[in-house]
Amino acid sequence: MKKIKLLFGLVALVIFLVHCSKNTDVIANVATTATTTNPTGLTTNAGVNAAFTALPLAVTAPADNPQTAQKIALGKMLFWDPVLSGDNDIACGTCHHPSLGYSDALDLSIGVNGQGLGVTRHFLAGNTIPFVKRNSLSIINTAFNGIAANGTYNPATAPMFYDNRTQSLELQSLEPMKTMEEMRGTHIASTNLLDSVVLRLTKIPQYVQLFTDAFQVSNPITTQNLGRAIASYERTIIANNSPYDQYIRGNATAMTAAQVQGMSLFSSDGCIRCHSGPMFSDFALHVLSVPDNTKLPTDAGAGGTYAFRTPSLRNLSLTAPYMHSGIFTTVDAVIDFYDRVGGNRSQNPNVANNRLDANLRGINNNNKNAIIQFLNALNDGNFDRTIPTAVPSGLHPGGNL
Ligand code: HEC
Ligand code: HEC
C-alpha cells in the first residue's frame, strides 16, 4: 500500500515539474518536497482526509477555444480596455483588479459613472446609476469553476455568477457589457450593446490585427470571438499553489499544526458539506438567509428562491467584504452568522426558518479561530498581476480609476 502511494506521489511530482516549468517559485517548493519529504510524510498527508484535494496544475479549455498566446494577449487588452463599455469609462479590470485580489474591495460594485479604485471608488456628482446588484466575485481560478472533488470539470458548462445563471467564461464575459449599471450605461440599448462594441473594435486597426492573429479567419471580430479571447486571458489568472495545495501534494510542513487541526474541524464542523472539492465550493445553490444590503432592494437570488451559489474560499484574505451582499467585512463575522443560522434562526426576514438549507444544521462558531487559521492556508498571492500600460483604443487601461 505504501509503495503504491509513494509511486503515485512520484508520478504526481513529475507531472507537477513538467507543468510548472515556467514558475520558479513552484519549482523551488517542489525541490524542497523532493529532498525533505520522507515516505511517511507522504502517506500521512494523503491519509488526512480523502475529501481534501489540491487544485490541478494545468487548466483545461473548451474544445472549441484552445489556449493560444495570441488569444491570451488579445483577451488581456480587452479585459483592460474601457472601449467595451457604453460610455468608454469602465473596464472589466475596474471591478476585478489585481491589487484587490481581482475583486474590488467594495460591498457592492460601482460601475457606470464611477471614479476611483477600491474603497475610494464613488459615483460622480448628479448620479442616477444604482450600485451593481452584488459583491464582485474574484476572477482568480474561475478557470476551475464547477470542479468536482475528483478534479473533473467541463469548462464549456462551468457555472458562473452567484446564481449560476450563465455557463462558461466565454458566455459570462459578454454579460457585464450588456448590464446597465455595470458597463453599458444609459445611452445604448442592451440589445445593441454588443453590436456597437464589435463595430467600435473593427475601426481600431490594432484590434483588427490582434483578432486576425488570434483567430486567423476573415472578419474575426465577432461577439463570440470577443468572449473567447477574454475567457482565454482569464484562464491564465490562476493561484493554485497555496500552502494547502502544497500540503496536499505531499509537503508535510507547508501548513502549521494549527492549520492542520483547523482543516479537520472545517470537515467535522460541517463547512465541507458545501465548501467541498479543490475550489472549496460544490458550485450548488443553497438558502442561507444572508442579510440584504440596505443600499438596494432585497436580492432574491436564483429564481427568486433566496438561494445563492457556494463561493470559493480561496484567497479570502484578498477578497473582503463577503457574501453576495458584501454585508460582512470579516471572516470572523461570517462564522458568527453561521452560528445563528446553524441554530435555525434565519437572518433575512424574507426567508422562513424552515427554508434554511439542511446542511446548515448544528453548525456553530465554537472552533472559529482554528477554522480561520485553516482558511488562511488557502491564500496564494502568487498570480499574474500585470496590467497593460496602454490599450489599443488609446483610453486609460481600467477606465476611470
Ligand atoms: C462594475 C463592476 C464589474 C465590472 C465592470 C465587471 N464585473 Fe465581473 N463581476 C462583478 C460582480 C458584482 C460579479 C458578481 C455578480 C453576480 O454574481 O451576480 C461579477 C462576476 C464575474 C464573474 C463570475 C465569477 C464566478 O465565480 O462566477 C466573472 C468571470 C467576471 N465577473 C468577469 C468579468 C469580465 C470578463 C468583465 C468585463 C467584460 C467584468 N467581469 C466586468 C462586477 C463587475
Ligand atoms: C449549506 C451550505 C454551506 C455550509 C454548510 C457552509 N457554507 Fe459558507 N457559504 C455558502 C454559500 C451558499 C455562501 C454564499 C451565500 C451568499 O452570499 O448569500 C457561503 C459563503 C461563505 C463565505 C463568504 C465567501 C465570500 O467570498 O464571500 C465564507 C467565508 C464561508 N461561507 C465560510 C464557511 C464556513 C467557515 C463554514 C463552516 C463553519 C461554512 N461556510 C458552511 C454555503 C455554505
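All of the numbers you see were taken from the coordinates with simple rules; none came from a lab. Keep in mind that this is a model prediction, so the values were computed, not measured. Cβ atoms come from the backbone with ideal geometry, glycine included; neighbour counts cover every protein chain shown.
Scanning residues 5 or more positions from Gly301 or on other chains, those with amide H under 5 Å from its amide H are Tyr306, with H placed 1.01 Å from N in the peptide plane. Averaging the sequence gap over all C-alpha pairs within less than 8 Å and six or more residues apart, then dividing by the number of residues, gives the chain a relative contact order of 23 percent. Remark on Ser103: its backbone amide H falls under 5 Å from those of His97, a criterion applied only to residues 5 or more positions apart or on other chains, H modelled at 1.01 Å from N. A protection proxy built from the mean count of other Cβ atoms within 10 Å ranks the segments 233-243, 343-353, 162-172, most packed first, as 233-243, 162-172, 343-353. Residue by residue, segment 300-308 carries 3J(HN,Hα) couplings of 8, x, 5, x, x, 9, 6, 8, 10 Hz when phi is fed to the Karplus relation 6.51 cos²θ - 1.76 cosθ + 1.60 (θ = phi - 60°); x denotes Gly or Pro. For segment 213-221, backbone phi angles converted through the Karplus equation (6.51, -1.76, 1.60; θ = phi - 60°) give residue-by-residue couplings of 4, 6, 10, 6, 9, 6, 6, x, 7 Hz, Gly and Pro being listed as x. Listed from fewest to most Cβ neighbours within 10 Å, the set Phe280, Phe266, Phe131 follows the order Phe131, Phe280, Phe266. Counting neighbouring beta carbons within 10 Å and listing from fewest to most, the residues Val287, Val197 come out as Val287, Val197. Counting only residues at least eight positions apart within a chain, or on another chain, the aspartates and glutamates with an alpha carbon under 16 Å from that of Lys133 are Asp104, Asp107, Asp163, Glu175, Glu181, Glu182, Asp292, Asp299. Straight-line cross-link reach from Lys76 at under 16 Å between alpha-carbon atoms covers these aspartates and glutamates, not counting any fewer than eight positions away in the same chain: Glu170, Asp213, Glu234, Asp384. The phi torsions of segment 309-317, fed into the Karplus equation with coefficients 6.51, -1.76 and 1.60 and a -60° offset, translate into couplings of 6, 4, x, 5, 9, 7, 6, 4, 5 Hz, rounded to whole numbers, with Gly and Pro shown as x. For segment 208-288, the Cα gyration tensor yields ellipsoid semi-axes of 41, 19, 7 Å (square root of five times each eigenvalue, largest first, whole Å). Once Rg and the Kirkwood radius are both taken over the C-alpha atoms of the chain, their ratio Rg/Rh works out to 0.98. Averaging over all projection directions, the Cα-based convex hull of segment 69-234 occupies 10.3 nm² in the image plane.
Computed extension gain for Gln261 through Thr298, at 0.36 nm per residue and net of the alpha carbon distance, reaches 9.5 nm.
Annotation: amide H-H contacts under 5 Å for Ala239 (H modelled 1.01 Å from N, sequence separation of 5 or more, or interchain): Asn141.
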